[in-house]
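The values are calculated or read from the model by the stated rules, or taken from the named source; none is laboratory data. Everything numeric here is computed off the predicted structure, so don't read it as measured data. For neighbour counting, all protein chains shown are included, and Cβ atoms are generated from backbone atoms with ideal geometry for every residue, glycine included. Ligands, DNA and RNA are excluded from the accessible area calculation, which covers all protein heavy atoms including side chains. Shrake-Rupley method; radii C 1.70, N 1.55, O 1.52, S 1.80 Å.
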Amino acid sequence: KIPAPVARMRELIVEAAASGDIERLRPLLGKGPTQTQVGDNGDDPIETLKSLSGDGAGMEILAIMLDVLSTGFVDVDKGTPDELYVWPYFAEKPLSSLTPPEKVDLLRLVTAGDYAGMEEFGSYNFYRIGITPDGQWKFFIGGD
């Protein structure tokens, strides 16, 4: 069970991403020290998201956000000031410990080739989303 502020931010991200209008994410991304970490955190997070998207307009990134948020979450650093709710849940698990159903969840996000690369790398290294217990969207990052 997740706190209401976390559920609400997740819902807002899903609604914005499903709209197909990447600008609808802008009010959710924050500003200044509370700005959501995306990519290299350039001056404009929306432009950064567009640059990460294979289509250049951000549609692919919106689809990835929806896919990531369709998986389960994991509560990381529970009870500490660094506590975060992270999607997908398997971002915090050793790949070698994934059950067959968890591997299917992972393969909904990445190709078998990507998965093999992750096994070689040693951990999940695709996109993940983190939200603080008070509902702040902390990051949307890929890689390790």
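Summary of computed values
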quantity	calculated
In the chain, lysine pairs with alpha-carbon atoms under 28 angstrom apart (chain gap of 8 or more, or interchain)	14
Accessible-area ranking of 21, 75, largest first, probe 1.4 Å	21, 75
Per-residue SASA entry for residue 104, accessible area with 1.4 Å probe, Å² rounded to 10	90 Å²
Inter-label distance, nm, simple model (7 Å from Cα along the C-beta direction), residue 12/residue 82	2.6 nm
Heavy-atom accessible surface of segment 10-89: percent carbon and sulfur, 1.4 Å	51 percent
Assigned charges on the beta-carbon of Lys, Arg, Asp, Glu; the chain dipole about Cα centre (debye)	400 debye
Å² per residue, accessible surface of the chain at 1.4 Å	52 Å²
Helix-only mean residue ellipticity at 222 nm for the chain, each DSSP H run of n ≥ 4 adding -39500 (n - 2.57), per residue, nearest 500	-11000 deg cm²/dmol
Probe 1.4 Å - accessible area at residue 86, Å² to nearest ten	0 Å²
Ranked order, 59, 9 - accessible area, probe 1.4 Å, largest first	59, 9
Extended-chain gain in nm, criterion 0.36 nm per residue less alpha-carbon gap, residue 97 and residue 139	12.6 nm
Karplus-derived HN-Hα couplings along segment 87-95 (A = 6.51, B = -1.76, C = 1.60, θ = phi - 60°), whole Hz, x at Gly and Pro	10, x, 4, 7, 5, 9, 10, x, 4
Which of 15, 83 is most accessible, then next, and so on - probe 1.4 Å	15, 83
Exposure of residue 73 as accessible area (Å², to 10), given a probe of 1.4 Å and all protein chains	80 Å²
